[in-house]
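The values are calculated or read from the model by the stated rules, or taken from the named source; none is laboratory data. Since we're looking at a predicted model, the values are computed, not measured. As a convention, Cβ positions derive from the backbone with ideal geometry for all residues, glycine included, and neighbour counts pool all protein chains shown.
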Amino acid sequence: MIKTAMTSTTRIKRNKLALSLAATLFLSLPMSQAFAHEEHCEIKDTELGDMMKYMKSELRAYNKSFNSEDQAEMKEHANELLKLSAKAEQLTPVVISKASHHDADSKGEVSADQKVKFALYQKEMQDLNATFKALSETNDKVEIEALLAKVKQQQKQGHNAFRQNCK
């Protein structure tokens, strides 16, 4: 009888141990995924990222100038946006360059897929640059509002396609 009681107690302890081990493994799964995500996002500060932050700041300044109807400041900020978008067009987003390390051939050259993605990125930046150019050349309020809405849409599309998704 004593032997049976000890066996029952031992079983309960083993079940509790197995349950707590399973719970620990289950709960640690999101943490391991977070570490994997963090590893993917090891490059947080890049020249392109800094440039995009500066573009965002210039765009806000342009909007502020637009709201205060200061044509000189609007022109200044639009010209700066033009310069920044032209420079950004030449840089490679991390999501393309990092992926190219995995897709590179034995010579270390980027794959055809990465070349296509970079060409798409450049096309998006050229379109944005054209919008900034139109913005710098107009004084019509209605046209400016339409162009600002277009910039917002282009920004959203570009971020969805090429932004490194790290926080």
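For this structure, a couple of remarks:
- Asn139 being out of contact with any Lys or Arg (no Cβ under 6 Å at 6 or more places or on another chain), assigned to a loop (DSSP other than H, G, I, E, B) and either of a type outside the set (Lys, Arg) or more than 23 Å from Ser65 (Cα to Cα) (or both): yes
- Any chance Ala130 is more than 26 Å from Thr46 (Cα to Cα), assigned to a helix (DSSP H, G or I) and more than 11 Å from the chain's Cα centre (by Cα): no
- Of the helices (runs of 4 or more DSSP H) lying entirely inside the stretch 1-115, those carrying at least 1 residues that are modelled with pLDDT of 90 or more are 47-67, 71-90.
- Of the residues making up the stretch 129-145, those that are exposed (fewer than 13 other Cβ atoms within 10 Å of the Cβ) and of a type outside the set (Val, Ile, Thr) number 5.
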